[in-house]
Number of protein chains: 2
Amino acid sequence: MKRRSFLAGAALVGQVPGLPVLAQTAGRAQLESKIVRLKLRHTWTTTMSSSEYRDTLHVSYRRDGLTGHGEGAPIVRYHEDAVSAGKAVESVRGLLLSAAPMQFAKVMAQVFQRVSGEWAGKAAIDIALMDWVGQKLKIPLYTYFGLDPKDTPLTTFSIGIDSPDITRQKTREAAEYPILKVKVGARKIDWLARQGVQFIEQPLPAEMIEETRWLRSRVGIPIIADEACQRASDIPKLKEAYDGVNVKLDKAGGMLEAYRMIQIAKALGMKTMLGCMISSSVSVTAAAHLSPLVDYADLDGNLLIANDPFRGVRVEKGKLILPDRPGLGLEQSGPASRK
Amino acid sequence: MKRRSFLAGAALVGQVPGLPVLAQTAGRAQLESKIVRLKLRHTWTTTMSSSEYRDTLHVSYRRDGLTGHGEGAPIVRYHEDAVSAGKAVESVRGLLLSAAPMQFAKVMAQVFQRVSGEWAGKAAIDIALMDWVGQKLKIPLYTYFGLDPKDTPLTTFSIGIDSPDITRQKTREAAEYPILKVKVGARKIDWLARQGVQFIEQPLPAEMIEETRWLRSRVGIPIIADEACQRASDIPKLKEAYDGVNVKLDKAGGMLEAYRMIQIAKALGMKTMLGCMISSSVSVTAAAHLSPLVDYADLDGNLLIANDPFRGVRVEKGKLILPDRPGLGLEQSGPASRK
């Protein structure tokens, strides 16, 4: 075959109606979703509940020899669980398998249009796509967002509610973390302010915006919205009652919406914080890649579990250390590193 | 030299104190700024002024054998001209030459901190950096933002104020554009609404927010903020008085801030529009790469000039056609294509 006719033939293959060129040249996409049971190091008690494990939804997206990993931790408040999250992912399987993954913003807009609620499921999809995109571009996701990995903040380490003895033991175990996050059942804000507390998160229920505004005018510590702030559109109306917002990928539905929330809060002059649910290194590392943008990080969800299937972001003396590998930069945990 | 000692030597070179490894291995950056006089095809008349040329500031950023191009059109309203824009760029020359360009979000945050005002100068820097980043990643900028180039909107074509005869001639020349933008001196909104007008831009001065709110309640056409909306932080307070915002790179200070503005407006449920000043294909193409995100585009600034130094976005029957080359995808205009 002459060079000229070969080229003409190749062009013809690319023009078969209805089949995009990329899909043919790049191979098919594969999607997997599964529920992973994460075992907690300590029984976890908050003002809301007590538990020994958490189920999160994991999604993997494979194409062109690359695998992107995503995870979402379902939040009961939004009427989600790992099963409903998995169903949400399966409901857009066809869309995801036929989509051009480099059009990730368009793809996620379509996912958001089709799936109502199920923020953890959406987060798992978004994170898997963005991990894949970073690997495809051969850059860590912090580079995709144009950030300096040295700018990560310190992360808090959370101490759940427990007996005084166990609390003392947990606090000793957390000696290397300069900032602790303490869940308190009663409210003693003035006393907390005198103990070096940096800020208070969601002191009143999300619905009580007026009361929070009153409280804010009476205390000298920044008040950060958690449950009151789920999506980007929530933020402008919170400005009067809160000093800042706690952005979580599981609430927002992934990295792209979390990025938008951080940008909106910053544009409004509010403090920004990245938080997480109890989850593996997949979700926590995804949040950590955005953390150079924020004032505070509470990204310890993976430190609280005993069977993390991945290694990603590390913590050294409280500072978040991002992996410099492409995408999220995850590595599978070897048997030796499992505990 | 044995392989091992060669590697050790190479590692040593990378560790000279104070010199970042990337700068040594990748070569030095170069920055150039210059004023380009753009000749208008027709004398341009608005309610504000009449002119035969416009000066814009062009920035080029070279590194690793790649050149990113940027442009900003100074806006008198913000007390800018091409000379002040050039001085603003020169004031951050040291920062830009020593910065890691893949940390573009951090770099632009530093530029915004150091330079007050001078949005056109900042836009020229931001666009040059992003053009370079896209070329470095070997992807068009629409792909960087995760968008589908087929989703570009139609662009309007602007007809300046003139005598009836010249206006008729201009309108004939614009026959291929399905949407025209007409600058009107007097206000006859009810009559306009009956003539198929899609929306009205900035009908009252930016300061008259209350009056615009009143006007909006009386007319059936969407009202879009132009001068009233400069930065991301302006948008939430405009929601009561306007249906949407016209985002321009020259007002915002570049693509990154324009992207944030579009996202904030969308999160607030507002219409979005990308506009431009009279400028070359550099600035207009940069805006066009974001246009798959917006409802309306008014990106005809390069069509109004006779000596465009670049070719980038094209218009076919009003539809914006994005180049699929890396970065902005610009090509130098050859002598034959100059008019």
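In the set A:GLY196, A:GLY220, A:GLY244, which member is buried (at least 16 other Cβ atoms within 10 Å of the Cβ), of a type in the set (Gly, Ala, Ser), within 24 Å of A:THR155 (Cα to Cα) and more than 14 Å from chain B (Cβ to nearest Cβ)?
A:GLY244
The conditions are (1) more than 30 Å from B:TYR259 (Cβ to Cβ); (2) modelled with pLDDT of 95 or more; (3) of a type in the set (D, E, K, R), and A:ARG77 fails exactly one of them. Which is it?
Here A:ARG77 meets the rest and fails (2).
Which of the following residues is part of a loop (DSSP other than H, G, I, E, B) and of a type in the set (S, T, N, Q): A:ASN307, A:ASN302?
On the way: A:ASN302 fails: part of a loop (DSSP other than H, G, I, E, B).
Being part of a loop (DSSP other than H, G, I, E, B) and of a type in the set (S, T, N, Q) holds for just one of A:ASN307, A:ASN302, which is A:ASN307.
Given the conditions (1) touching a residue at least 60 places away in the same chain (Cβ under 8 Å); (2) within 13 Å of chain B (Cβ to nearest Cβ); (3) buried (at least 19 other Cβ atoms within 10 Å of the Cβ), and given that A:ALA100 satisfies all but one, which numbered condition is not satisfied?
(3)
If the Cβ limit is 7 Å and pairs must be 6+ apart or interchain, which residue in segment B:155-173 that is aromatic (Phe, Trp, Tyr) pairs with which residue that is part of a helix (DSSP H, G or I)?
Sorted first by the residue in segment B:155-173, then by its partner, the pairs are B:PHE157/B:LEU303.
Of everything in segment B:230-246, what is more than 19 Å from B:LYS181 (Cα to Cα), over 13 Å from the mean Cα position of the chain (by Cα) and assigned to a loop (DSSP other than H, G, I, E, B)? Give them in sequence order. Don't jump to the end; show me each part of the working.
Restricting attention to segment B:230-246, the residues satisfying the condition of being more than 19 Å from B:LYS181 (Cα to Cα) are B:230-241.
The next check asks that each one be over 13 Å from the mean Cα position of the chain (by Cα); those that pass are B:231-241.
Matches in segment B:230-246: B:ARG231, B:LYS239, B:GLU240, B:ALA241.
For B:ALA105, indicate whether it is small (Gly, Ala, Ser), within 12 Å of chain A (Cβ to nearest Cβ) and in contact (Cβ under 8 Å) with a residue 24 or more places away in the chain.
Details: small (Gly, Ala, Ser): yes; within 12 Å of chain A (Cβ to nearest Cβ): yes; in contact (Cβ under 8 Å) with a residue 24 or more places away in the chain: yes.
It is true that B:ALA105 is small (Gly, Ala, Ser), within 12 Å of chain A (Cβ to nearest Cβ) and in contact (Cβ under 8 Å) with a residue 24 or more places away in the chain.
One residue is enough: does segment A:285-292 have a residue meeting the conditions over 18 Å from A:ALA124 (Cβ atoms), in contact (Cβ under 8 Å) with a residue 40 or more places away in the chain and touching a helix residue (DSSP H, G or I) at 6+ places or on another chain (Cβ under 9 Å)?
Yes, the conditions are met somewhere in segment A:285-292.
Taking the criterion of being without any contact (Cβ under 8 Å) to a residue 24 or more places away in the chain, within 14 Å of chain A (Cβ to nearest Cβ), out of contact with any Lys or Arg (no Cβ under 7 Å at 6 or more places or on another chain) and assigned to a helix (DSSP H, G or I), would at least one residue in segment B:125-137 satisfy it?
No, every residue in segment B:125-137 fails to be without any contact (Cβ under 8 Å) to a residue 24 or more places away in the chain, within 14 Å of chain A (Cβ to nearest Cβ), out of contact with any Lys or Arg (no Cβ under 7 Å at 6 or more places or on another chain) and assigned to a helix (DSSP H, G or I).
Restricted to segment A:270-284, and to residues that are assigned to a strand (DSSP E or B) and either hydroxyl-bearing (Ser, Thr, Tyr) or surrounded by fewer than 24 Cβ atoms within 10 Å (Cβ to Cβ) (or both), which residue is nearest to the other protein chains (Cβ to nearest Cβ)? Please lay out each step first, then the result.
Taking segment A:270-284 as the starting set, the residues that turn out to be assigned to a strand (DSSP E or B) are A:271-275.
Filter once more, so that each one left must be either hydroxyl-bearing (Ser, Thr, Tyr) or surrounded by fewer than 24 Cβ atoms within 10 Å (Cβ to Cβ) (or both): A:271-272.
Details: A:LYS271: 15, A:THR272: 13 Å.
This residue is A:THR272.
Of the residues B:GLY301, B:GLY334, B:GLY312, which is over 19 Å from B:LEU57 (Cβ atoms) and of a type in the set (Gly, Ala, Ser)? Let's see the steps before the verdict.
On the way: B:GLY301 fails: over 19 Å from B:LEU57 (Cβ atoms); B:GLY312 fails: over 19 Å from B:LEU57 (Cβ atoms).
The conditions single out B:GLY334.
Filtering segment B:116-162 down to residues that are among the hydrophobic types (A, V, I, L, M, F, W, C) and more than 16 Å from the chain's Cα centre (by Cα), which residue is farthest from B:GLU257 (Cα to Cα)? Don't jump to the end; show me each part of the working.
So in segment B:116-162, the residues among the hydrophobic types (A, V, I, L, M, F, W, C) come out as B:119-120, B:123-125, B:127-130, B:132-133, B:137, B:139, B:141, B:145, B:147, B:154, B:157, B:159, B:161.
Those left that are additionally more than 16 Å from the chain's Cα centre (by Cα): B:133, B:137, B:139, B:147, B:154, B:157, B:159, B:161.
On the way: B:VAL133: 16, B:LEU137: 21, B:ILE139: 20, B:LEU147: 17, B:LEU154: 23, B:PHE157: 25, B:ILE159: 28, B:ILE161: 31 Å.
Looking at the filtered set, the residue picked out is B:ILE161.
For segment B:247-269, enumerate the residues that are part of a loop (DSSP other than H, G, I, E, B) and at the interface with chain A (Cβ under 10 Å from one of its Cβ atoms).
Initially, segment B:247-269 is screened for residues part of a loop (DSSP other than H, G, I, E, B), giving B:253-254, B:268-269.
Passing the criteria: B:LEU268, B:GLY269.
Quick check on segment B:183-223: of everything there that is polar (S, T, N, Q) and closer than 16 Å to B:ASN246 by Cα, which residue is modelled with the highest pLDDT?
My answer is B:THR212.
Return the only residue of B:ALA267, B:ALA258, B:ALA297, B:ALA287 being buried (at least 23 other Cβ atoms within 10 Å of the Cβ), assigned by TED's automatic domain parsing to the domain that holds B:PRO149, under 19 Å from A:LYS106 (Cβ atoms) and more than 11 Å from the chain's Cα centre (by Cα).
Just one listed residue meets the conditions, B:ALA297.
Could you tell me whether any residue of segment B:153-165 is within 14 Å of chain A (Cβ to nearest Cβ) and among the aromatic types (Phe, Trp, Tyr)?
no
Residue by residue through segment A:176-189, note down the ones that are out of contact with any Leu (no Cβ under 7 Å at 6 or more places or on another chain) and in a loop (DSSP other than H, G, I, E, B).
A:GLU176, A:TYR177, A:LYS183, A:VAL184, A:GLY185, A:ALA186, A:ARG187, A:LYS188
It is to be established whether one or more residues within segment B:121-130 are farther than 30 Å from B:ARG77 by Cα, surrounded by 24 or more Cβ atoms within 10 Å (Cβ to Cβ) and either modelled with pLDDT of 95 or more or among the β-branched types (Val, Ile, Thr) (or both).
No: zero hits.
Condition test on B:GLU176, is it acidic (Asp, Glu), within 29 Å of B:LEU304 (Cα to Cα) and at pLDDT below 95?
yes
What are the pairs, 6+ residues apart or on separate chains, where a residue within segment B:190-201 that is assigned by TED's automatic domain parsing to the domain that holds B:LEU215 and assigned to a helix (DSSP H, G or I) has its Cβ under 8 Å from a residue that is surrounded by fewer than 15 Cβ atoms within 10 Å (Cβ to Cβ) and of a type in the set (Gly, Ala, Ser)?
Correct list of pairs: B:ALA193/B:GLY220.
Only one residue in A:ARG63, A:ARG28, A:ARG54 is buried (at least 18 other Cβ atoms within 10 Å of the Cβ) and either more than 22 Å from the chain's Cα centre (by Cα) or modelled with pLDDT under 75 (or both). Which one?
Just a single option satisfies the conditions, and that option is A:ARG63.
I'd like the full set of residues that are of a type outside the set (Asp, Glu) and within 13 Å of another protein chain (Cβ to nearest Cβ), limited to segment B:223-241.
B:CYS229, B:GLN230, B:ARG231, B:ALA232, B:SER233, B:ILE235, B:PRO236, B:LYS237, B:LEU238, B:LYS239
The values are calculated or read from the model by the stated rules, or taken from the named source; none is laboratory data. What you see is a predicted model, and the numbers here were worked out from it, not measured in a lab. For neighbour counting, all protein chains shown are included, and Cβ atoms are generated from backbone atoms with ideal geometry for every residue, glycine included.
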